[in-house]
Structure formats: structure tokens, C-alpha cells
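S.K.: After the C-alpha cells below, expect a handful of questions from me.
The values are calculated or read from the model by the stated rules, or taken from the named source; none is laboratory data. Owing to the predicted nature of the structure, the values given are computational and were not obtained by experimental measurement. With ideal geometry, Cβ positions are generated from the backbone for all residues, glycine too; neighbour counts draw on all protein chains shown. With ligands, DNA and RNA removed, areas are computed over all heavy atoms of the protein, side chains included. Shrake-Rupley method; radii C 1.70, N 1.55, O 1.52, S 1.80 Å.
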Amino acid sequence: MILVFLGPPGSGKGTQAKILSKEMGLSHISTGDLLREAVKNNTPLGQKAREYMERGELVPDDIIISLIEEVMPKEGGFILDGFPRTIPQAIALEDMLKRNGKELSKVILFEISEDVVVDRISGRLTCSQCGALYHIKYNPPKEDLICDLCGGKLIQREDDKEEVIRRRFKVYQEQTQPLIAFYRERNKLFSLDATQSVEEISKKIIEAIKNGS
Ligand code: AP5
């Protein structure tokens, strides 16, 4: 099973990828998480990516494609969360899978408006230790700013300020939305209303995969 989670910033891709990778025994590959880790550790990749991420822009395709080539599992299924985000990335993914004798199973499109996204992301808290996701209103931790799972400190991401969120949404519309037609033509697309509850969305994705819809 090879899945792509496609959708605007804050549409819930990471939340669902974390839940469903555990439930379905799949690896979870988040380009955003990999890049943030590289920035935190000040690696050569992090140094190249930092400025783009802070501005809410996409990191250049060649950097992202080599990163995916490095981390893509040789065995077992996986969820790609936040990749591909441009047509050249989608074409590179097709080539990579073909070379390994694999095929993409499904692309899950998370549909949501800009205003809901701004509300969600501006309330998002991320665990600095284990990466668990929370929301001040919709999914608060039991104790203020402390992770329920590992006791780590909860922080706000650098690119979660309103003006950067709006820039990220615009970049999504300009550079990532063309992938909807790309995958629809290939009969891979399953669209869902991403304003539903976390549980409802997980259920719909599992159903779509089982029914092959
Ligand atoms: P990345 O980390 O991928 O950010 P993103 O796509 O902007 O997505 P987010 O992580 O912001 O949101 P999400 O959809 O995962 O939502 P979440 O589940 O957290 O990328 C960051 C940057 O890295 C990019 O801007 C770019 O610079 C670079 N980058 C990454 N990949 C790249 C690529 N392929 N090419 C080039 N550059 C790349 O949920 C959000 C909030 O809502 C949380 O608080 C959560 O608790 C809450 N929530 C989730 N679901 C629900 C629900 N159903 N109801 C209510 N609240 C919910």
C-alpha cells in the first residue's frame, strides 16, 4: 500500500498519517518533519531549506526529490505526507516507483478552506520531543503545554504565524493544486471533506482504501 496525502497546510494530513500509519502498519514519510529535523540539526540540507520554509515557500524540487530517493523504504508500504507538491515531484515519484517495480495505490485529497486552515494552524501545538500534534481548542493536551504521550514541551512551529500560513496557502493553490488534475486523470484520487472530525476522516480513508473507491 503506497498512499499520498495531498492538501493545503493545516488540512490534517500529518494528524491522519500518524494515526493511520500505526493502524495499517505503514511507514510515515513527512517531508516537512524531515526538513524541520534537518533545520534543527543545522545539517547541509537544513541550511539549504531553512529560508524557504521560514518564508512559507516550497524548497526546490531537486533537493526534495533527492531527499525522497534517500528515505523511500525498499520494503513494505508507506504514506507520503506532504510529497509530492509539484508536477515535477509527482513525475519523479512515478519514475522512482516504476524503477522499484511499485505503483501508487491512492492519493487522498484533504479539502478545506483558507479560513479554517488559519484557525487550525494558529492553534496548533507540536511536541518538541515526539512530534505529537495538538490543538489549543480542538485537541488540547491534558496539561498545559505538556505532551500527553511523552511529557515533552509543546511548541508552536516557526512557520505557523498568520501571514506565513496565508503565504503557504497561496503557494499550495499555485503550485500544488495542479496535482489534483494530474492524479484524477490517473484515476488515483479520493477527495474528502477535511472539516469533519479526526475520527470520521480516519474512518472514511480506511473505507475508501478497502472499497478501492
Ligand atoms: P509541512 O510540514 O508538510 O506543512 P504543510 O503541508 O503546510 O502541512 P502542515 O504540517 O502545516 O499541516 P497538516 O495538513 O499536516 O495538518 P495537521 O495534521 O498538522 O511543510 C512545511 C514546509 O516544508 C513547507 O512550507 C515547505 O517549505 C517545506 N516542504 C515540505 N514538503 C515539501 C515538498 N514536498 N516540496 C517542497 N517543500 C516542501 O493539523 C493542523 C492542526 O489542526 C493541528 O493542530 C491538528 O491538531 C488540528 N486538526 C487536524 N485534524 C483536525 C480535524 N479533523 N478537526 C479539527 N482539528 C484538526
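Every residue, every condition in (1) assigned to a strand (DSSP E or B); (2) within 12 Å of the ligand (Cβ to nearest atom); (3) open to solvent by less than 20 Å² (accessible area, probe 1.4 Å); (4) among the small types (G, A, S), yes or no:
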position	(1), (2), (3), (4)
V107	yes, no, yes, no
K137	no, yes, no, no
C150	no, no, no, no
E158	no, yes, no, no
V171	no, yes, yes, no
R184	no, no, no, no
E200	no, yes, no, no
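S.K.: Ok, one more. Can you go through G46, G131, G76, G25 and tell me which one is away from the ligand (no atom under 12 Å from the Cβ) and over 26 Å from S191 (Cβ atoms)? Lay out the reasoning, then the answer.
M.R.: Details: G46 fails: away from the ligand (no atom under 12 Å from the Cβ); G131 fails: away from the ligand (no atom under 12 Å from the Cβ); G25 fails: over 26 Å from S191 (Cβ atoms).
Exactly one residue qualifies, and that residue is G76.
S.K.: So, one more: Do the conditions hold for E114, that is, is it more than 13 Å from the ligand (Cβ to nearest atom), in contact (Cβ under 8 Å) with a residue 12 or more places away in the chain and not hydrophobic (A, V, I, L, M, F, W, C)?
M.R.: No; evaluated as a whole, the condition is false for this residue.
S.K.: Among K188, K137, which is the only one that is of a type in the set (K, R) and without any contact (Cβ under 8 Å) to a residue 24 or more places away in the chain?
M.R.: K137
S.K.: So I165 ticks every box in (1) of a type in the set (A, V, I, L, M, F, W, C); (2) near the ligand (Cβ under 9 Å from one of its atoms); (3) assigned to a loop (DSSP other than H, G, I, E, B) but one. Which box is left unticked?
M.R.: (3)
S.K.: Follow-up question, since we're still on this one. So, L3, is that one over 24 Å from Q156 (Cα atoms), open to solvent by less than 70 Å² (accessible area, probe 1.4 Å) and part of a strand (DSSP E or B) or not?
M.R.: When the stated conditions are applied, L3 passes them.
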